[in-house]
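Comments concern the structure below.
The values are calculated or read from the model by the stated rules, or taken from the named source; none is laboratory data. Quick caveat: nothing in here was measured; it's all calculated off a predicted structure. Every residue, glycine as well, gets a Cβ built from its backbone with ideal geometry; the counts of neighbours run over all protein chains shown.
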Amino acid sequence: MHDTLFQPLTLGAIEAKNRIFMAPLTRGRSTLPGSIPNEMMATYYRQRAGAGLIISEATGISVEGLGWPAAPGAWSEKHAEGWKLTTEAVHAEGGKIVMQLWHMGRLVHPDFLDGKPGVSASATTAPDHAHTPTGRKPHEQARALEKDEIARVVEDYANAARHAKAAGFDGVQLHGANGYLVDQFLRDSTNLREDEYGGSPENRTRFMREVLEGLIDVWGADRVGIRLSPNGETQGCDDSDPAATFGAAARVCEELGIAFVELREPGPEGTFGSTDVPKQSPLIRTLYTGPLVLNSDYTAEEAVADVDAGKCDAVSFGRPYISNPDLAERIRQGAHWNPNKDVPKSWYLPGPEGYIDYPTLEEERESENAA
């Protein structure tokens, strides 16, 4: 009954062997200091190479843009060398992997920046707390990027994309979701600018467009994707007219001809954010004609139904992939999924616990037979 999900899918120049993608998941296992990817991370991704496409955990494009303890970076040759361990491991298992490029904007606490404020579209403050090396602290007000600084940030994205290429990735995905820098420019609650980067939806997509163009210069449009979260508030980032804003964003993606668009769209009972704001994927589907990937609390049956109905071309699974490294095979066999509830403490712990120690279905059966 799940055959639909095991049909191959072409995303630009990337050939996915199935339509079960691994969504980006911050896990905080890189080596400090320096946020360097390591062998343990390579093992983690190798275990999950049965996905049609792995989208890597969010990866910092610069020191300025990375505000999560032990999340990996991509701004230097050392990062590229560290990431090679992962890409080689995934490719050896027949998998495909793209790097998600991340600038957290106003969500970078000054503790990561020698006391300097983070940067954003405008001088705003995120709600709640930041995870810092010395514990949770309230967010502080970011400063607005000066107009002449924006080109530097765009170049930081391109520089990280070059390191992703050197590391052997199959492409890159721009993190444009979840209240981070690109999202801060897109939405009118956080973009209060009065220059050509603010105001109308078309102006607010300008930064996203320029970053995508920078990535395309490095990779070609057929190996560049984007992740958006078009419905509802996320980390204090919201929009008064999501249809207008994300319709404009979809048009940019269509004009540039990028390889795929992924949407995180929680519903009223979402497990990571919930909202009554209508999903924008039906609108985006009419404006962007490339492969559309949907995400948020899917079951295998729901994924089949939405692909069969033409609502999307693939579905990305996040937290189920934490505790089910062979999720695609479990779906193929109609087998159970190991639950990932009530264990958030293991999501970000240093070390292998709750990271690379989850069994595959085959290992579970071997253990049962041995008992």
Checklist line | Odd one out for Phe185, checked against (1) surrounded by fewer than 22 Cβ atoms within 10 Å (Cβ to Cβ); (2) not in a loop (DSSP other than H, G, I, E, B) | finding: (1)
Margin query: Can you say whether Arg332 is surrounded by 13 or more Cβ atoms within 10 Å (Cβ to Cβ), in contact (Cβ under 8 Å) with a residue 40 or more places away in the chain and either within 19 Å of the chain's Cα centre (by Cα) or on the phi > 0 side of the Ramachandran plot (or both), as far as the supplied structure shows?
Written below: no
Notebook entry, point to check: Does any residue of segment 165-178 turn out to be charged (D, E, K, R), out of contact with any strand residue (DSSP E or B) (no Cβ under 9 Å at 6 or more places or on another chain) and in a helix (DSSP H, G or I)?
Noted result: no
Notebook entry, point to check: Can you spot a residue in segment 150-163 that is part of a loop (DSSP other than H, G, I, E, B), loosely packed, with under 14 Cβ neighbours inside 10 Å and free of Cβ contacts under 8 Å to residues at least 12 places away in the same chain?
Noted result: no
Next item on the list: Tell me which residues, restricted to segment 164-182, are more than 15 Å from Gly225 (Cβ to Cβ) and either surrounded by fewer than 18 Cβ atoms within 10 Å (Cβ to Cβ) or free of Cβ contacts under 8 Å to residues at least 24 places away in the same chain (or both).
Entry: Ala166, Gly168
Checklist line | Whichever residue in segment 8-64 is among the polar types (S, T, N, Q) and in a helix (DSSP H, G or I) and, among such residues, is nearest to Ala164 (Cα to Cα) | finding: Thr43
Next item on the list: Output the number of residues of segment 319-355 satisfying the condition of being among the acidic types (Asp, Glu), closer than 24 Å to Ser30 by Cα and at pLDDT 85 or above.
Entry: 2
Next item on the list: Please determine, by comparing only the residues of segment 65-81 that are touching a residue at least 60 places away in the same chain (Cβ under 8 Å) and assigned to a helix (DSSP H, G or I), which one is surrounded by the fewest Cβ atoms within 10 Å (Cβ to Cβ).
Entry: Glu77
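Taking Thr275 as the residue in question, decide whether it is without any contact (Cβ under 8 Å) to a residue 60 or more places away in the chain, among the hydroxyl-bearing types (Ser, Thr, Tyr) and over 17 Å from Pro230 (Cβ atoms).
Details: without any contact (Cβ under 8 Å) to a residue 60 or more places away in the chain: yes; among the hydroxyl-bearing types (Ser, Thr, Tyr): yes; over 17 Å from Pro230 (Cβ atoms): no.
Criteria not met by Thr275.
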Margin query: I'd like to check which strands (runs of 3 or more DSSP E) are fully inside segment 96-142 and have at least 1 residues that are touching a residue at least 40 places away in the same chain (Cβ under 8 Å) and of a type in the set (A, V, I, L, M).
Written below: 97-102, 129-132
Next item on the list: Identify all residues within segment 40-59 that are touching a strand residue (DSSP E or B) at 6+ places or on another chain (Cβ under 7 Å) and either of a type in the set (Phe, Trp, Tyr) or in contact (Cβ under 8 Å) with a residue 60 or more places away in the chain (or both); write none if there are none.
Entry: Tyr45, Arg48, Ala51, Gly52, Leu53, Ile55, Ser56, Ala58, Thr59
Margin query: Tell me yes or no: at least one residue of segment 97-108 is surrounded by fewer than 24 Cβ atoms within 10 Å (Cβ to Cβ) and not β-branched (Val, Ile, Thr).
Written below: no
